[in-house]
Amino acid sequence: MTVVQQVPVRVLPAFSRGPVLAVAASVGLVLTAVSGRYGYFGDELYFVAAGHHLDWGYADQPPLLPLIALLMDTLAPGSVAVLRIPATLAIVTAVVLAALLAREFGGGRRAQLLAAGAVAVSPGFLATGHLLATSTVDPLVWVAVTYLLVRWLRTRADGLLLAAGIVTAVGLQAKFLIVAFWAVAVVAVFICGPRELLRRQALWAGGAVAALTTIPTLVWQARNGWPQLEMGRVVAGESGYAGGMLGFLPLGFFAAGLLVGSVLGVVGVVRLLRAPEHRFLGVTALGVALLFMLVGGRPYYVAGLLPLLWAAGAASVEQRRPAVWWRWVPTWPVYALTAAALLMGNVLPVQPVSAHADRPLQVGNFQLDEIGWPAVVADVRAAYRALPPDVARDAVVVTGDYWTYSAVQGFAPELRSFSFHRGAAWFGTPPEDSGAVVFVGDPSPVAAAFETVTAVGRLDNDERVNNLVQGTPIHLLEGRRVPWAQLWESAHHL
């Protein structure tokens, strides 16, 4: 018979409910204030389109985000502010969980506020927190799981492990990255302890719940040739936008919040590695970062581990007097200056957008992708309406990228639109009895299947959409010689 060692439960400091909730509410108010300031991000348009083609899986993700987008768009059709409410709630919850993590590490009022404030001024959390994205939902799952694990280490209440499995099950419906966390964590526990964790039936029961809830998505992937595996290779190939492996850590430090998040994160790692009971968490954090760096993952993949490190670092700062050379960092003036720098640096869509060529666009990277989608669709609609009536009657719109397709679906649902790019390729093919094609993008993947390919315009609107869309050509394709099913099979790509 296995003898379970009883671990005395530590008495925690009181939860600083008022101050922590005030920080969380402030973040929520700021995100709500800017949530409707700009238009849809390209992926948000895609989530809405995917939600209207609801399925157990997609080529590029599980079904949770499309389901959320569908629910929000059903509640308030066309409202970008309502669509982003779940994202705001996710960041607000992460603020509170960071404070609760600091409390689990023995942190009192100051530590809890330092940890909550680190999330509140993190460029990584705020930049994705004003829009609905997998990079908003997935980190919250990691924060919740690490909180439940740290709490289990203190209480040994096995219900927490089952809850961690249920939270993981939800996370797997948004992104599969949490699998990397558990894989590294299990190895770290085996090496560093406490190995008692691996003997808990509740841990494996929670794992079984997570695995069972993922079966429908895995079945969809199997039936469709496992496109998400190929999508992983595509993402790794695209990691060059962030400097590849060399850019992983610098961008990670920026997303962490420059001085505040970086310093607290380093202190937190050291704190975890020095504490025998928590050492496996420090090893897991380092191991996951190394794993994603080696496989070409993106820096924000590790965002969900940052509040754990910030909480451990904040508790250490409170319990030990910081060294002279950096003791000014964990102070409110530095937090305030960091928040001001975020606003000035357009991490959030605060500054106005200029639509005039003689004035620069006053926006950040995310916001560049949120400008002018209605004008883009107006260009597509104009090209369609310019067709002779007998040609327009059977014509369809096909786009070379999934963002433009999603925009046409959202702003011009009367047009029969399709795309062979990424997940949109699974939303249907044009009917075989269709005629001419208004093609938006580079027509070379399908041009050989048509008798004539004629340039009829380009996306060139006064709102100056981001460079990924601005100037995109529009062609008229006529005289199709190949069935759409065959053409789709050869043209679709991720």
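The values are calculated or read from the model by the stated rules, or taken from the named source; none is laboratory data. Since we're looking at a predicted model, the values are computed, not measured. Here Cβ is always computed from backbone atoms with ideal geometry, including for glycine, and neighbour counts include all displayed protein chains. Accessible surface areas use protein heavy atoms only, side chains included; no ligands, DNA or RNA. Shrake-Rupley method; radii C 1.70, N 1.55, O 1.52, S 1.80 Å.
Here are the numbers for this structure:
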read-out	value
The range 74-103 residues that are closer than 19 Å to Val48 by Cα, paired with ones that are open to solvent by 10 Å² or more (accessible area, probe 1.4 Å) and β-branched (Val, Ile, Thr) (beta carbon under 7 Å, 6 or more apart)	Leu75/Val82; Ala76/Val82; Pro86/Ile68; Thr88/Thr32; Ala90/Val137
Within the range 210-235, considering residues that are open to solvent by 50 Å² or more (accessible area, probe 1.4 Å) and of a type in the set (Val, Ile, Thr), the one nearest to Val170 (Cα to Cα)	Thr213
Filter result for Tyr46 (modelled with pLDDT under 85 and either within 30 Å of Ala412 (Cβ to Cβ) or in a helix (DSSP H, G or I) (or both))	no
Residue ranges of helices (runs of 4 or more DSSP H) in the range 395-494 with at least 2 members among the β-branched types (Val, Ile, Thr) and touching a strand residue (DSSP E or B) at 6+ places or on another chain (Cβ under 7 Å)	402-411
For Gly372: the one exception among (1) modelled with pLDDT of 90 or more; (2) touching an Asp or Glu at 6+ places or on another chain (Cβ under 6 Å); (3) not polar (S, T, N, Q)	(1)
Meets criteria (at pLDDT 80 or above, closer than 19 Å to Ser122 by Cα, surrounded by 16 or more Cβ atoms within 10 Å (Cβ to Cβ) and more than 25 Å from the chain's Cα centre (by Cα)) for Val317	yes
Failed criterion for Lys175 (all others in (1) modelled with pLDDT of 95 or more; (2) in a loop (DSSP other than H, G, I, E, B); (3) within 17 Å of the chain's Cα centre (by Cα) hold)	(1)
Boolean, Asp60 is in contact (Cβ under 8 Å) with a residue 12 or more places away in the chain, open to solvent by 20 Å² or more (accessible area, probe 1.4 Å) and closer than 15 Å to Ala174 by Cα	yes
Total residues in the range 156-172, condition part of a helix (DSSP H, G or I) and under 23 Å from the mean Cα position of the chain (by Cα)	9
Filter pass, Phe105 being among the aromatic types (Phe, Trp, Tyr) and open to solvent by less than 10 Å² (accessible area, probe 1.4 Å)	yes
Failed item, numbered, when Leu153 is tested on (1) open to solvent by 30 Å² or more (accessible area, probe 1.4 Å); (2) touching a Pro at 6+ places or on another chain (Cβ under 8 Å); (3) part of a helix (DSSP H, G or I); (4) not basic (Lys, Arg)	(1)
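Per-residue answers, yes or no, for (1) open to solvent by less than 60 Å² (accessible area, probe 1.4 Å); (2) more than 24 Å from Thr128 (Cβ to Cβ); (3) within 26 Å of the chain's Cα centre (by Cα); (4) modelled with pLDDT under 95:
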site: Leu272; (1), (2), (3), (4): yes, yes, no, no
site: Val283; (1), (2), (3), (4): yes, yes, yes, no
site: Leu290; (1), (2), (3), (4): no, no, yes, yes
site: Val295; (1), (2), (3), (4): no, no, yes, yes
site: Tyr300; (1), (2), (3), (4): no, no, yes, yes
site: Leu306; (1), (2), (3), (4): yes, no, yes, yes
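Table: residues versus (1) under 26 Å from Val48 (Cα atoms); (2) polar (S, T, N, Q).
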{"position": "Val119", "(1), (2)": "no, no"}
{"position": "Leu132", "(1), (2)": "yes, no"}
{"position": "Thr136", "(1), (2)": "yes, yes"}
{"position": "Pro139", "(1), (2)": "yes, no"}
{"position": "Arg154", "(1), (2)": "no, no"}
